[in-house]
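*Asks:* Please read through the structure below; I'll follow up with questions.
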Amino acid sequence: MGHRPIQAASHERVPFTFWGRPRIRTVLATVAAAAAAFAPAVMVPAPALAANPSTVDNLTITDAGNWEGSKVTFTLTYTGSSPGDFTIATAAGSASSGASDFTATPSKTSITFPGTAASSNNSTTVTVDTAADADTADETFSLVATDTLGNTKSGTGTIYAVSVYPTFGLTPSTSTVAETATKDAQGNVTQKTVTVTATLTAPLPHDISIPVSTVNGADVDPLKNATSAGGVLRDYDALPATAVITIPAYTYTGTTTVQLYDDNVDETATNGQSFTVQATDTPVVLATNVGASKSTITITDDDPTPVASIGDATSAVTEGGALNFPVTLDRPSDATNLSVGYYTAAGTTMTGSSAGSPSDVTTPGSSTTPNVATIAAYSTTRTIAVPTDNDVNFEGAENVKEVLSSANSSAVGVTIGTKSTGVGVINDNDAGPAVTLASVSTSPGVFPEGDSGERVQKVRVTVAAGTYPVPVKIDWATRDGSATAGSDYKAASGSFTIPAGTDTTSWYGDIPITVYGDVVKENSETFSIDVTSSTSTIGAVSGDTTITLSEAGESDAKPTFNVGDVSVSEGNSGTSFAKVPIVMSGASPSDTVFTTTFHAGTAVGTSNGVPGDNDYTVPTDSTVTIKAGDTTGYLSIPINGDTVYERDQVFSVDFTTASSDVTNTNTPDVQHTARVTIGNDDAQPTLTFNSSNATEGQPITVTGKIVGVSEYAYKLGLTVGGTETNAATTGTDFTVPASLATTSIAVPAGYSGELTDIPSVGGGYTWSFPTLDDQIDEPTEGFTVTANETTGVPTGFTPAVGTYKIADDPLDLPPAIAIGDTTVNEKDGTAEVPIDLTFNGDATSTTQNVTVQYNTSDGTAKAGKDYTLTKGTLTIPPGTMKTSIKVPIINDSDMEDDETFSVRLSNANPLGAQITSGDSTVTIKSDDTVAPVTPTLMLTGPAAGAGAVTAWGKATPGTKVMLYGAALPEMDKKDLKLIDTVTADASGMYKFKSLTATTGWAFYVQAEVGGATSIRVVKLNQSPGLTLSTSKGKLGVTVNGNPKASGQTVTIQRKSGSKWVTVGSGKTTSSGFKGSYSFKSGTKLTVRAMVSGSSSLGINAGYSSSKAITIK
């Protein structure tokens, strides 16, 4: 048995047996420090100047072939992770380079692959041109790649040739085809296709590819040409530029398919539109019969003539403008002379307009001689512009109809749809009657405000006396001036409509205005009433269009004012603003100026040399002015940002005013002092510990750095603890300095930096932790130092934790691992392979789990046959020095010698764990004395109709035999299902229980010992049942198939002399077959039925028994 050398074990470290510990540590440190400084030098033979070293081991070249006179295309694929350079050349074989057989220089003579690490394409093609000569047999040559080490790899190119070459021709599956696509029940559309076949006059011994393309029609009439362009207007989909028809070796034909596109266009060419499929680059060997290399296909249209509809005008126009009516077609047409007729008809009565007449437009046309609008080919929209007449008569808004027409041959290439009329509205631009507004009040245009509640006033509307031909509509709405809707009056709007023909001499309408009373002292205020007409049926507007709300005779109180508190974040730099609001209880008739007085609190507005002071700046102009009529103002106070931690701070501002129009008295109901809070947004200071780790026996230095600035002085204390995992133990792994427990770090206000630079200490805040050496193999362990604030009244500090690591002595090696041989009987079921652990270094114990990977490897024993493939990772806890690996053994029935396999160890952990014996041999003692027998399978089925099928046969005595089967047409072993399992008796005989078959079945058996049979098939014979009946002049026939199956052909026959004559036929359904046939009364008949079989289902055709009957 061979053992793997120690040097090959993963992670192994060989002890320096003859060196002392100080020298060993020095060497280990030197090796670790120098590892990154050395790189191997490689001598590269020609081509040594390549930028990217390569090896042909990472390159594959596919063999290739093509007919003489064509290009032979090789594919090269590179699997190296780094870039690689190769040179490419050809080499003669039975084919000669040069002009006779092939060109010596390939399409690429050098290739640089980017490598798989670059996630780029690492495959390319190289072509070699060949010559068409008089050779009559295949010849070969090589494509050779050379790497930067001078190694080569090649692929074989074959030049195909025969003594006599055939010609070819192209033919379509149909030369004329309707474009109509089909649609299934789910609405999925399937476009039609045309298959084009290339046919050789004789077969060839290799595949041959003929490049083909589609070409649009070339008729002088472009409407007769099918096109592949135009998106949804295309007629077919062009073949791709790389399309070929491939004719397989030893066959005559190959095909390609062109897909048509069922568009929505009315195509007017009488005999359809054509395109051509043609050979674009006929192979050299098939250069004859070029005229037969085209195939023309004509597509006929299935789309009806477009239907034209018209919509209402897109918008109303003022008379003199043009009404735009949209005309749409339900589908496009390729005709270039499309047109539709249109004329203007009288309008209709509708809301907002009256019926106009054709005379309201300048070019109305008529129903017999309509105007004509043309529509561009392939367009489905057209706008008809109808100019209106700009008259001088007041007539209000009117409407007219625009009607589509086909009269006088005006509609060409279209039909008129049901939506043939559109309506357009013409607004009048002639002045209607004048409108006058008059307030119903003591003073014209003035309403008293009042001290409380709501008061409804009226504004009367009248129009100039007369009668008018259209309804007169007057729209009105209130609009704010110095008076505000919602506080001074109620916003309102409405309209009046005076019917057409009304005498307006005594007509009027009242506008209700609701006025809100208050006790706020303010000047008189105004609002307006805007009067318009949505139907353009009024003229000038005059009178009381502006209303004044008067305070005359009222004694309203002066407004008071309130100021609000505000909070703001200070920010880290620059200036932000605190906006203090001032709100008056009502508007003042004059501007109100407020003066302020600032009072420092915990926040100060000047700098005193303390970190974080100068929190805000008193504005240069600290007054606030609220304009007359307004009620709100703000004082903006600059807040100075900093990065100093401090608590939230406050200051206050007093407000006062000298205005005689505002009450300045401070009462419990008002607040004249604002409190401003500046919120801190800076993090509390914390401590960042230094990074200091050591190997057992070396000291660890602990210190740190204050990060962040505080406005306050504070003190810190330190405590020591263990890490969450692999915690070091005080007194066992390290010692805590005695001074640490009593240390109090005094941090001055505003300080940030190293602990050793705190002025009052001058380098005293650093501690040395001795670590202790031992003879225990253990992982790297750690301890923590935690800093917390110890100030009597905490000022604010974020606790900090520093973690420090103690690495194990490099000579405290983990235990070494060895695996031993073992022998097991085949019937034992499991082999236990022994594992032993020993300490080879300074360590005498360990605290770590030892892990090692293992896997089985075949010898004379094979995985899956003699034992179960086993692999994994073995974990050995501390203190365990012996264990084992379990491998399942397969107890087979084969006569065989004792057999062996290996169990191998690899990848021992933790770092330093050695594998001193990495291979073991497992011997399996055989216990079988009987030779395996290849199983046989016998089947019996019913003589006729459906029935029982029985399977039996012979196999290795005592072995399990499994029957697999499925109803035809299944014939693939992977699709057959397990039906039954039995055990062969002492003589090897076995038999399965019967199953009922209604179709043919396929079976095979698989024995645990001896293998499997091929597939065997049982077929059924039809044995139909026949029932006859008769009525006057009729023969009734009922046939039931056995086995039953829908869709089988039934043939009814009667005997005529010595022959059987067919009476009729049909198909079976799920309930069988029924038929009725006419005969003369008294006719004596002998009848039988034949039911066809199904070869795919394994059912043979069969006849019923014959029956006699006399027709009534």
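*Asks:* Can you spot the lysines whose alpha carbon is less than 21 Å from Lys705's alpha carbon? Ignore those fewer than 8 places along the same chain.
*Replies:* In chain and number order, the partners are Lys715, Lys805.
*Asks:* Turning to a different aspect of this structure: Ranking Arg647, Arg460 by Cβ neighbours within 10 Å, fewest first, what do you get?
*Replies:* Arg647, Arg460
*Asks:* Out of Tyr261, Gly574, Thr1027, whose Cα points farthest toward the positive end of the dipole of the chain (charges: +1 Lys, Arg; -1 Asp, Glu; placed on Cβ)?
*Replies:* Thr1027
*Asks:* Among Ile1052, Thr1069, Gly1036, whose Cα lies farthest out toward the positive end of the dipole of region 1035-1112, if unit charges sit on the beta carbon of Lys, Arg (+1) and Asp, Glu (-1)?
*Replies:* The residue sitting farthest along the positive end of the dipole is Gly1036.
*Asks:* Compute the relative contact order of region 56-160 as a whole-number percentage, counting only Cα pairs closer than 8 Å that sit 6 or more residues apart in sequence.
*Replies:* Worked out over region 56-160, it gives 38 percent.
*Asks:* Which value, in debye to the nearest 20, gives the size of the charge dipole of the chain about its Cα centre, when Lys and Arg are +1 and Asp and Glu are -1 at the Cβ?
*Replies:* 7620
*Asks:* Out of all DSSP beta bridges with both ends in the chain, state the antiparallel percent to the nearest 5.
*Replies:* Percent antiparallel among DSSP bridges in the chain is about 85.
*Asks:* Here's a follow-up. On the Cα set of region 46-103, report Rg and Dmax in Å, please.
*Replies:* Values for region 46-103 (Cα only, Rg and Dmax): 14.5, 40 Å.
*Asks:* Going by Cα centres, region 490-559 and region 406-464 are how many Å apart?
*Replies:* 18
*Asks:* Now, a different point. Have a look at the DSSP beta bridges in region 643-782 and tell me what percent are antiparallel, nearest 5.
*Replies:* Bridges in region 643-782 are about 85 percent antiparallel.
*Asks:* Which is farthest toward the positive dipole end of the chain among Gly633, Ala322, Pro737, measuring Cα position about the Cα centre, with Cβ charges +1 (Lys, Arg) and -1 (Asp, Glu)?
*Replies:* It is Ala322.
*Asks:* Here is a further query. Which aspartates and glutamates have a Cα lying under 17 Å from the Cα of Lys865, excluding residues fewer than 8 positions away in the same chain?
*Replies:* Qualifying aspartates and glutamates at Cα under 17 Å: Glu826, Asp828, Asp892, Asp894, Glu896, Asp897, Asp898, Glu899, Asp927, Asp928, Glu1008.
*Asks:* With the contact rule set at Cα under 8 Å and sequence spacing of 6 or more, what percent relative contact order holds for the chain?
*Replies:* 5
*Asks:* Identify all lysines with a Cα-Cα distance to Lys558 below 18 Å; exclude those on the same chain that are fewer than 8 residues away in sequence.
*Replies:* Within reach: Lys521, Lys627.
*Asks:* Next question, about the same structure. Go through region 1007-1012 residue by residue and turn each phi into a ³J(HN,Hα) via Karplus (6.51, -1.76, 1.60, θ = phi - 60°); whole Hz please, and just put x for glycine and proline.
*Replies:* For region 1007-1012, the Karplus-derived couplings read 9, 4, 10, x, x, 10 Hz, x marking Gly and Pro.
*Asks:* Which entries of Lys183/Lys1067; Lys871/Lys960; Lys1055/Lys1107; Lys886/Lys960; Lys1044/Lys1084; Lys827/Lys993 show an alpha-carbon separation above 20 angstrom in the structure shown?
*Replies:* Lys183/Lys1067; Lys871/Lys960; Lys886/Lys960; Lys1044/Lys1084; Lys827/Lys993
*Asks:* Counting alpha carbon pairs within less than 8 Å and at least 6 residues apart, what relative contact order, in whole percent, applies to region 440-567?
*Replies:* Relative contact order of region 440-567: 36 percent.
*Asks:* How would Leu811, Leu718 line up from fewest to most surrounding beta-carbon atoms within 10 angstrom?
*Replies:* In increasing order of surrounding Cβ atoms, one gets Leu811, Leu718.
*Asks:* Also, I was wondering about something else. Which distance in Å, rounded to a whole number, links the C-alpha centroids of region 245-265 and region 170-234?
*Replies:* 7
*Asks:* Test of understanding: extend the Cα→C-beta vector of Thr1062 to 7 Å, then name every residue of region 1071-1112 with backbone N under 13 Å from that spot.
*Replies:* So the set is 1090-1092.
*Asks:* Please report the spacing between the Cα centers of region 746-815 and region 667-684 in Å, no decimals.
*Replies:* 43
*Asks:* Right, next: Charges at C-beta only: +1 for Lys and Arg, -1 for Asp and Glu. How large is the resulting dipole of region 56-160 about its Cα centre, in Debye rounded to 20?
*Replies:* Taking the Cα centre of region 56-160 as origin, the dipole is about 400 debye.
*Asks:* Treat every Asp and Glu Cβ in region 414-463 as -1 and every Lys and Arg Cβ as +1, leave all other atoms uncharged, and give the resulting dipole magnitude about the Cα centre to the nearest 20 debye.
*Replies:* 220
*Asks:* Counting only DSSP beta bridges with both residues in region 435-550, tell me the antiparallel percent, nearest 5.
*Replies:* Antiparallel bridges make up about 80 percent of those DSSP assigns within region 435-550.
*Asks:* For Rg and Dmax of the Cα atoms in Å, the listed values are [x] 32.8, 118; [y] 52.9, 139; [z] 31.2, 110; which was obtained by calculation from the structure presented?
*Replies:* [y]
*Asks:* Something else: Would you mind checking which residues have amide H under 5 Å from Thr318's amide H? H placed 1.01 Å from N; only 5 or more apart, or other chain.
*Replies:* Asn427
The numbers here are math on the coordinates, done by the rules we state, and not lab data. Source: prediction; values computed, not measured. Because the Cβ atoms are built from the backbone with ideal geometry, glycine has one as well, and the counts that use them run over all protein chains shown.
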